[in-house]
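See structure below.
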Ligand code: SF4
């Protein structure tokens, strides 16, 4: 048996600093109708690996690709990500908060050594995810490529906030 010398105290308040770590529950999700037919969703992923850290920058599938750079969390927050974003694109994923990697360097290599048709950044609304957008923009600048690009921001409850 363990003996504690100090008296029990209230648990510490959760950290206030980072909105990305704020705990919350989504209670207003629509329920699927019981009678609706279940259609199996299909993966639209076109290449492997998809982790930005692992993908080889000179892989031939980047030639003439529409490129999607998606935050890890976006695939779980946004239900229709395969049909709305991954379909017909080469998809790279990463987490700028937890990955120990320089995305800018890898993305600059990819943009510089291939003809990329378009670039879509899919990030979460929380500030920690801004690193993904920043890396993509910096890679566009570094590679001096004139590529159509857009940033789409997903809310933590799975809505498109900005496009
Ligand atoms: S940085 Fe983006 S992908 Fe990483 S934990 Fe935060 S929201 Fe998720």
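Using r as the Cβ-Cβ distance of residue 137 and residue 80, and R0 as 30 Å, what FRET efficiency do you calculate, to the nearest 0.05?
Numbers: r = 26 Å, r/R0 = 0.86.
After rounding to 0.05, the efficiency reads 0.70.
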Fewest to most Cβ atoms within 10 Å: 114, 66 sort as 66, 114
Checked the chain against the a/c 1.5 cut and the a/b vs b/c comparison, axes a ≥ b ≥ c from its Cα gyration tensor; verdict oblate
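Counting other C-beta atoms within 10 Å, which of 18, 128 has the fewest, and how do the rest follow? Could you put the intermediate results ahead of the total?
Working: 18 11, 128 18.
Ranking 18, 128 by Cβ neighbours within 10 Å, fewest first, gives 18, 128.
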In the stretch 58-162 the DSSP beta bridges are antiparallel at a rate, in percent to nearest 5, of 10
Exposure proxy check on 72, 102: fewest-to-most Cβ neighbours within 10 Å is 102, 72
Here, residue 54 and residue 98, labelled 7 Å along Cα→Cβ, have an inter-label distance in nm of 1.4
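Values in this text are rule-based calculations from the coordinates and carry no lab data. Note that the coordinates shown come from a computational prediction; the quantities given were computed from them, not determined experimentally. Ideal geometry is used to build each Cβ from the backbone, glycine not excepted, and the neighbour counts take in all protein chains shown.
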